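Everything on this sheet refers to the single structure shown next.
The values are calculated or read from the model by the stated rules, or taken from the named source; none is laboratory data. Quick caveat: nothing in here was measured; it's all calculated off a predicted structure. We place every Cβ from the backbone using ideal geometry, glycine too, and count neighbours over all the protein chains shown.
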Amino acid sequence: MAEVHWLRRLHERLHAHPVSGAITKLVVTVAGLLVLTAGLVMMVTPGPGIVGILAGLGLLALEWEWARRWLSTARHKAAVAAERARTMDPAVRRRRALLLGLALALACVAAAALVWRFGWPGFGSLNPLR
C-alpha cells in the first residue's frame, strides 16, 4: 500500500520528541485495541465484525510492525474469502440462505415456546413489560 506523504510527515512530527512520541503511541494503541475489541465482540453480536477488526488492525499498524503483518494477512484472507463468495454456485448460496432462515425460524419458535410455557422472565423493577 502506498503511504501518503502528508501522513508520513505527520507521523515523523508526532514522534520528533520522545514524550510526544510516547503519548502518540499510547493513544493510537489504546484506540486501536478498543476498535479491535469492538470488532471481535461484533463477530458474535450483530454488527460488522470483520470491518471492526480490520479497522483496529489498521490503527495498530500505524505504530506496530506486528500489526502491519497481521493486517496484511487479514487483507489477503478477506480477498480470498470475497473471491470464493463471488464464485460460489448460486444453488449452494440459495441452500445456505434457506438453511439459515430455517434455523432462525426454529430459534424463534423455541423462544416463543419457552415464553409460553414458563412466562416472560421478570427482572424486578427493570422489567419493561410490567
Exercise for the section: Would you mind stating whether residue 24 is more than 20 Å from the chain's Cα centre (by Cα), in the same structural domain as residue 77 (by TED's automatic domain parsing) and surrounded by 16 or more Cβ atoms within 10 Å (Cβ to Cβ)? Expected result: yes
Practice task
Go through the residues of segment 82-95 one by one and say whether even a single one is over 23 Å from residue 29 (Cα atoms), within 24 Å of the chain's Cα centre (by Cα), in a helix (DSSP H, G or I) and of a type outside the set (D, E, K, R).
Solution key: yes
Exercise for the section: Report yes if residue 107 is small (Gly, Ala, Ser), in a helix (DSSP H, G or I) and modelled with pLDDT of 90 or more, otherwise no. Expected result: yes
Problem - Filtered residues of segment 64-76 (kept if among the charged types (D, E, K, R), free of Cβ contacts under 8 Å to residues at least 12 places away in the same chain and surrounded by 11 or more Cβ atoms within 10 Å (Cβ to Cβ)) - result: 68, 69
Fill in the blank from the handout: Of those in segment 64-75 that are of a type in the set (A, V, I, L, M, F, W, C) and part of a helix (DSSP H, G or I), the residue farthest from the chain's Cα centre (by Cα) is 66
